[in-house]
């Protein structure tokens, strides 16, 4: 069998709710376990092993939460939009559920990035909040998430709601670069990105490794909590279907 | 195809002229909110002159959003929207007729009344033409983006509040470029770059938003 056929088969298998429920249940402990290991290693590396910053002192260490959270905020919006589009085009129920279950997690990460940024800003810029470009676009991203969640909750029929939300998320994706650059030109005070310069990162390797560990840990946490949300949502939506009743009878 | 477009355009204009309150109410809102600011701030000429672009633009944004409420609602309720989806012409094209008509009814009067209000806020004559130009480039974009939000919420009972949550973040680039253009003009710089960006955003929303609107309407009609 060719590789593409294999991938297609795997894709269809994953889209089937009972299969996904079973497999995600098997994977979940490993994902969360790996998350815990990487999270603790990243924290240890970041808070204890990494050297002090010569300009910002100890206060810079909040970077190990702030930056991964900020990365996640945009990443999850992308996941939400892409899975939303998949649900919209192929009417795959699981993709719809993944899309909408991502929204609250993404909003939480965005909120976390804003709060840690604000705490970091106090010693560095001597103020809790500045109308700086990156802070502002992060705030606007939070508004976009809240809009998505509000629309989903307002529509009674959840399949219709998922489709409406997918359209909104796609419109948001088109707008995010425009919003980002408009805000960028409007005002900027934030320090330049630390990691994106791949040829010569402006961060020392002993600081970089814990940061990357934390980034992977955050991704794993997202996948783990996404799985939990999706599993609950699947059970709630499919409560009348055969596989759920069988599952519940098996547990008695 | 163009015939259907023209029919819908004419029909919407006719309905609006039969029910003139639809044209007048957003305008009254616009005038009243703008005159609230000098009352709240005090008759401070320097300060008012400085924040006049912000006042006019934020108010225009809110007035546009409020006026959009009627864009699809009556057609949705009496079923003519469903008939429209059955026509041979694509829905994405037909909605542009409705939005164009709606802009003529609400956007254009708003621009026409702005010079009067700008005088109340001591906007100097040099910035006036740029102010009108930003409104001319910006309000159609607001209508197009807002129509996506309206199309998503038309079937909902508490649509109004949710609508503002959905579309206000999307309005921000237009607001930023318009007010930046006006600030630059007030300081004696050229505003060409911002106006070009506004035009680019307008072209982009004319190109893309009709598809989003049509898809959203089909979801709402379900």
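The values are calculated or read from the model by the stated rules, or taken from the named source; none is laboratory data. Being a predicted model, the structure only gives us computed values, none of them experimental. Note that each Cβ is placed from the backbone with ideal geometry, even for glycine, and that neighbours are counted across all protein chains shown.
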Of all residues being modelled with pLDDT under 90 and in contact with a helix residue (DSSP H, G or I) (Cβ under 7 Å, 6 or more places away or on another chain) in region B:17-39, which is farthest from residue B:57 (Cα to Cα)? Just the residue, please. B:22
From the list A:124, A:78, which one is within 21 Å of the chain's Cα centre (by Cα), farther than 22 Å from residue A:16 by Cβ, assigned to a helix (DSSP H, G or I) and more than 9 Å from chain B (Cβ to nearest Cβ)? A:78
Keeping to region B:156-178, report how many residues are over 15 Å from the mean Cα position of the chain (by Cα) and more than 9 Å from chain A (Cβ to nearest Cβ). 1
Condition check: crowded, with 16+ Cβ neighbours inside 10 Å, away from every other protein chain (no Cβ under 14 Å), within 17 Å of residue B:213 (Cβ to Cβ) and touching a residue at least 40 places away in the same chain (Cβ under 8 Å). Does residue B:107 satisfy that? yes
Considering only residues that are surrounded by 20 or more Cβ atoms within 10 Å (Cβ to Cβ) and under 27 Å from residue A:135 (Cβ atoms), which ones fall in region A:26-44? A:42
Just name the residue that is farthest from the other protein chains (Cβ to nearest Cβ) out of those in region B:124-155 that are at pLDDT below 90 and surrounded by fewer than 19 Cβ atoms within 10 Å (Cβ to Cβ). B:125
For residue A:183, indicate whether it is in a helix (DSSP H, G or I), at the interface with chain B (Cβ under 8 Å from one of its Cβ atoms) and without any contact (Cβ under 8 Å) to a residue 24 or more places away in the chain. no
